[in-house]
Structures are given as C-alpha cells and as structure tokens.
Amino acid sequence: MTRADELADALEGVRARIALACDKAGRDPAEITLIAVTKTRPASDVRLLAGLGVTDVGENRDQEAGAKAAECRDLPLTWHFVGRLQTNKVKSVLRYASVVHSVDRPRLVTALSAEAVERPEPVRCLVQVSLDPPEADGRGGARAEDVPALAEAIAQAPGLELGGVMAVAPLGEDPGPAFARLAELAAAIRADHPEARIVSAGMSGDLDEAIACGATHVRIGTALLGGRRAIVG
Ligand SMILES: *Cc1c(COP(=O)(O)O)cnc(C)c1O
C-alpha cells in the first residue's frame, strides 16, 4: 500500500468518525473543521493530505513548522499553530500561521499584536484554556478564571481577531466533563463576542466527546498519520 493510499484510508476513517459523532450529537458535519496535526511528519505527507482535500494543518513547534510550511507554500492550506508559543518565536510563527490556538497569557497577546499589525490580514487567536486541576503541572493554558480577561485583551488588540477557545483534555480524566466545562466558558465568551465561535477540542482519542460538547475544530494527528516519529535534521 502506498503512503497516499494509507493516508486516504485514514482520512476516510476519521471523516466517518466525525460523521458518526455528529449524527449522535444531532450536528451537521459541515460545522466541523478537521485540522491535520502533521508534527513530526514530513512535508510530503502534508502534500498528500492537501491532495486528498485537507485544507487545514496544525503544527506545534516553530522550527519544524516553518520549514514544512515553506516547502508547502504552493498549497492552499491554512496553518494553525497549536503548541506552546514563546514570545521570541511570534514573528517566525506569523510568517505561516494564520490561526494561533495557544494564547494563554497577556504578554503573548501583546507580542502577537505588535507583529500582527505589520501584516495585511488579522491573526485569529484562540484562548487556550487549561482543563487540568489547579494543582496539576499544566500543559499550558490559562486558568478558567483568567479566560474572560484574556479573551477581552485579544478582542481589543490591534491586528488580532478573537476566534474562540482551545483546550486539550486533562490526562487521566474522562474528557466529557472537561469538554463540558470548556463549552460553558466558550458560551460565556460568545455572550460578549458573538464572532468568537471556534471551539478547538478533540484529538485522535477523544474527538467523539469533543464533538458531543460543541467542538467546531478537531485536531487530529495519530489517527490520520499514524504513530509519530522524529524527523531527522
Ligand atoms: C499533537 C497534538 C494534537 C494531535 O494529537 P493526536 O492525539 O495525535 O491526534 C492535537 N493538539 C495538540 C495541541 C497537539 O499537540
């Protein structure tokens, strides 16, 4: 089986899972954007996925993503940055990413805005929400109580557009209740910012629960691309 066939099969499987989850939740699959998380995978995979109709790709490390995006410059893709973002990497990330899912602190809003005003298109930003218990060694994300102020800061920042919220399910906990908390926060933000409709939640292991809780964007790596491996170089 060629890599193209492998990816086509996996894509069909993921699309079927999305359709089934939507069916159960009484939602329209057209409401869901599939983001292929291509970290650790070569640009050739991105190219094959684009050929299969994938329009959105996600990456979590700037160095790797920048090189891959440059190789795929000719493809009509939207690049999403989904990883922890250091302020000194903002300039580089905004060369290719038009959506940043991991805005989790005010300083990052300031840095993104300063760079975004130099660009023709606004940069869409999502507030990354931590769904981990407060004492957990978090994997990034703002605490729930800090989310409204961060959303407001993005909405007010020149060059930025508040897109909504993003989260990763907590480790070792049922993702359902965690995604339900995310949905509540998302609704609270939409009350003040109706345009902030994105709920980025759901990965290979929990996309069904995420869709049940209103996810609009699912970020799928291993279910599409197989196990991750390190890229050499
Ligand atoms: C790697 C990654 C994903 C994809 O995870 P899979 O379990 O491989 O589907 C989604 N979101 C973020 C933030 C990631 O880092």
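The values are calculated or read from the model by the stated rules, or taken from the named source; none is laboratory data. Everything quoted here is computed from the prediction, not taken from an experiment. Cβ atoms come from the backbone with ideal geometry, glycine included; neighbour counts cover every protein chain shown. Calculation scope for accessible area: heavy atoms of the full protein, side chains included, ligands and nucleic acids excluded. Shrake-Rupley method; radii C 1.70, N 1.55, O 1.52, S 1.80 Å.
Largest GNM mean-square fluctuation among L131, L48, L162, using the chain with Cα springs under 10 Å: L48.
Overall, the accessible surface of the range 1-53 at a probe of 1.4 angstrom is composed of carbon and sulfur to the extent of 54 percent.
Compared with the direct C-alpha span, the chain from T222 to A70 gains 52.4 nm at full extension, assuming 0.36 nm per residue.
Using a 1.4 Å probe and counting only protein heavy atoms, arrange D132, D45, D208 so the residue with the most accessible area comes first.
Details: D132 30, D45 5, D208 55 Å².
Most to least solvent-accessible, the answer reads D208, D132, D45.
The residues T38, T78, T216, sorted by heavy-atom accessible surface at 1.4 Å with ligands and nucleic acids left out, run T78, T216, T38 from largest to smallest. When GluC sites (Glu not before Pro) are flagged only if DSSP places them in a loop and at most 11 other Cβ atoms lie within 10 Å, the longest unflagged stretch of the chain comes out as 1-117. Dipole magnitude for the chain: computed about the Cα centre from +1 point charges on Lys and Arg Cβ and -1 point charges on Asp and Glu Cβ, it is near 660 debye. What FRET efficiency comes out for A149 versus A187 if R0 is 25 angstrom and r is the Cβ-Cβ distance? Round to the nearest 0.05. The computed FRET efficiency comes out at 0.90. Taken per residue, the accessible surface of the chain reaches 48 Å², heavy atoms only and a 1.4 Å probe. Selection among M1, G163, G26 by position relative to the dipole of the chain gives M1 as farthest towards the positive end (Cβ unit charges, Cα centre).
Counting only helical runs of four or more DSSP H residues, what would the 222 nm mean residue ellipticity of the chain come to if each run contributes -39,500 (n - 2.57) and the total is spread over all its residues?
-12000 deg cm²/dmol
Think of the range 3-225 as a dipole: +1 on every Lys or Arg Cβ, -1 on every Asp or Glu Cβ, centred on the Cα centre; then among L85, G205, V147, L85 lies furthest on the positive end.
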